[in-house]
Amino acid sequence: MIERIEFGATGHLSTRTIFGAAGLGGMKQDRADQVLDILIEFGVNHIDTAAGYGDSELRIAPWLKRHPDTFFLATKTGERTYAGAREGLARSLDRLGVDHVDLIQLHNLAETHEQEVALGPGGALEALVEARDAGLTRFIGVTGHGTYIAARHIESLGKFPFDSVLLPYSHAMVAQAGYAADFDALYALCRERDVAMQTIKGIAHRRWTEADTEPRHSWYRPIRDEDALRHAVQYVLAREGLFLNTSSDATLLRRVLEIASETPATLTNAQLSQDAERLGIEPLFVRDVSDRI
């Protein structure tokens, strides 16, 4: 069984492996059903989707009806203004076929100017707080990519008591001293304030190159090597309180959940460094070089 821990101060016990539903966006319903059935098999009880994930919300909707009260449901809005966020959440609720979500997140709030708009007067946050007060959502979070996002999340938490954050975390990412320092500072703050900390890109191998010929089910190349995949999953779960959001490459979902169900092994930095050297594992984001998707 996959361990369940408190999702921050929400009172919900979430599986430490959260289903990242981006991969459903381009699937037909029958294929999405096969993927979502794996969640039931492994007892995953937390789904993370977004308005910007194609048809992902639509693919999830039938499952929410068939399995009521099974999933902690999170979605995201990329809107930055009050009107945009209010309309976007209403559309997500309609697409999901629900009257509320458990968590609505400001999606990829990584740029200072967007942060100022979204968290300022007439910004998206005002609409989400209003939605929470009206019972349309229970909690509010913030997400993002890139090497500056941990520091940006600290700034966001200084402006509003978000219930959760989401950002990249892997051995390759924290091998970068600057990102590691920012991540550690955010981790300490989240532990102090009981803010749920979700991680993404935990099994990323590297960005695609023109020489890669295999099918692409995600914008980045995931780790497929068995030993390295196990090490990557266990690396995230070895850190107390972190949640691992699964890859948008759904072909790896079952294996990731199998590994997450195992008793974590003790890993050394040498093992992880050897994986990186052997397979050419690289950070997806390098400061001031590749901070965007």
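The values are calculated or read from the model by the stated rules, or taken from the named source; none is laboratory data. Predicted model only: the values in this text are computed from it and were never measured. For neighbour counting, all protein chains shown are included, and Cβ atoms are generated from backbone atoms with ideal geometry for every residue, glycine included. Accessible surface is based on the protein model in full, side chains and every heavy atom, while ligands, DNA and RNA are left aside. Shrake-Rupley method; radii C 1.70, N 1.55, O 1.52, S 1.80 Å.
Odds and ends about this structure:
- Residues in the stretch 236-259 that are free of Cβ contacts under 8 Å to residues at least 40 places away in the same chain, assigned to a helix (DSSP H, G or I), open to solvent by 10 Å² or more (accessible area, probe 1.4 Å) and not charged (D, E, K, R): Thr251 only.
- Here Phe183 fulfils each of the conditions (1) surrounded by 21 or more Cβ atoms within 10 Å (Cβ to Cβ); (2) assigned to a strand (DSSP E or B) apart from (2).
- Residue satisfying condition, being at pLDDT below 95, among the acidic types (Asp, Glu) and open to solvent by 10 Å² or more (accessible area, probe 1.4 Å), within set Glu214, Glu226: Glu214
- Subset of the stretch 222-234 [in a helix (DSSP H, G or I) and under 16 Å from the mean Cα position of the chain (by Cα)]: Ala232, Val233
- For Leu93, the criteria (1) in contact (Cβ under 8 Å) with a residue 40 or more places away in the chain; (2) under 26 Å from Ser261 (Cα atoms); (3) open to solvent by 10 Å² or more (accessible area, probe 1.4 Å) hold in every case but one, which is (2).
- Selection count, the stretch 153-169, where residues are surrounded by 23 or more Cβ atoms within 10 Å (Cβ to Cβ) and over 18 Å from Asp194 (Cβ atoms): 2
- A search for C-beta distances below 6 Å between a residue of the stretch 98-120 that is closer than 17 Å to Ile293 by Cβ and of a type in the set (A, V, I, L, M) and any residue that is open to solvent by less than 20 Å² (accessible area, probe 1.4 Å) and assigned to a loop (DSSP other than H, G, I, E, B), counting only pairs 6+ apart in sequence or on different chains, returns Leu109/Gly144; Ala110/Gly144; Ala110/Gly146.
- Whichever residue in the stretch 46-71 is in a loop (DSSP other than H, G, I, E, B) and open to solvent by less than 10 Å² (accessible area, probe 1.4 Å) and, among such residues, is nearest to Phe19 (Cα to Cα): Thr49
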